[in-house]
Amino acid sequence: MCVLPVIYIFSFKSHSFPTHHIIMYLSWHNILLLILIIASFSFTLSCDVGFEFFGSESCSPCRTGTYGGGTANDDQCASCGVNPQLTSLAGSTDVGACTCNLGFGLSGSLGSFSCTQCNPGTFGPNSGAANACSDCSSTSVSVAGAGSCSSCEDGTAPNEPHSKCAVCAAGTYSAAADATCQDCGADTVSSPGSVECDPCNDNYDPNGDSSSCVLSCGAGLKNNARVDGCDSCPGGQVSGVSESTCSACSTHFAPNGDSSACVLSCGAGLKNNAGADGCDSCPGGQVSGASESTCSSCSTHFAPNGDSSACVLSCGAGLKNNDDEEPTGCLVCPVGKYSGAADTTCSDCGANQVAPPQASSCSTCNAGQEPNGDLSSCANCGAGKFATAEQAACHNCSPGKFSAALAATGDLTCQVCGDGKISGAAGEFLYSTAQHSTAQHRHST
């Protein structure tokens, strides 16, 4: 009696017979048993979402790599995909739970997911359906297929693909926050793998790769005898920044300001030639100082000194310095005085000599002449007077003689007075003793 209802129930489920056809053949006490069997059968055939029917009496969580289950008509969990790196947590309820294993990135769409190994410098975190490979931070690295990135230690930094930490080279450094090895600053050095740079002492500079400090005396200096310090170059010698000894400059060359190099320096009275690699003398009337490369003309009343290194006051002929102590200009020599081209003062003319203003020399008066009152020019001797070439002034004719000639050059022009006549002291007045009157009056103007 008990078997028949079960058979009919299975038949019902398989062939969809109407229920009332079955029940009409059952007794009432079997009806109750049928109800219990149907309820028990419905419970064992349905699982919750995230579970699947396992065996004949229980539900199990969806296995890793699957999802879903728990529906009335489909109690089996679905696979995330055929890629072996696709996975999901046990008991996953939907396709959104499908992801890739660590070190792989998820791509594709629902139902056709694919996992690709992450490249060096990236990582696959296995977190969610959108877990594409992500770049490592600027200070971390990873190998291919990594699930996470590793930070670099001090003194190292990520290489270009961020696949490994590279030791910082000499002359560079890095600290925890540095994404790259930083260059050491000026006058500092470092060894490989340094976290900071060290400064060089005075007279020391970084070597070629900035790995250590080496003695470098610098411009105008040389290594001393112990080669552990520096001395200044002797006068007239130079040394470059990277040189350890000093060298003398060639002719017409001299050290520059810091004695780092020789520069053309023609010296006093010279100028650079057209090619600026040699020297020429300054033209007449021009000068140049020891450190000058060109010549310049002197101003009026100034002239080159002995070595043409500077202009000095030179008033010239007929002039004198305006001040014997501190001359600043020139004055004209007065009448009766003179000065030569190189003279600084005026000199008096000699006996029987005259000079006009600004005279460069004095003139000697000719025979029959004498200097005028201010010694500016020569005047002819008047009547009754004469002057020879050796005499400095006109002389009167002797008493008892007279002369009517002007500019007489000797006493031969003086004549004896006739009977009854006399001459004045100047030999120019003639008197007749018979008439006691002036017979003749002669004089020079």
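Rule-based calculations on the coordinates, nothing more; no lab input. Values in this document were obtained by computation on a predicted structure and should not be read as measured data. Glycine also receives a Cβ, built like all others from the backbone with ideal geometry; neighbour counts cover every protein chain displayed.
Restricting attention to the range 162-207, and to residues there that are of a type in the set (Ser, Thr, Tyr) and in a loop (DSSP other than H, G, I, E, B), which single residue is nearest to Ser138 (Cα to Cα)? The qualifying residue nearest to Ser138 (Cα to Cα) is Thr180.
Among the residues making up the range 337-378, those that are assigned to a strand (DSSP E or B) and in contact (Cβ under 8 Å) with a residue 12 or more places away in the chain are Lys337, Tyr338, Asp348, Gln353, Val354, Ala359, Ser363, Thr364, Gln369, Glu370, Pro371, Cys378. Within the range 336-361, if we keep just the residues that are hydrophobic (A, V, I, L, M, F, W, C) and surrounded by fewer than 19 Cβ atoms within 10 Å (Cβ to Cβ), the residue that is nearest to Asp411 (Cα to Cα) turns out to be Ala351.
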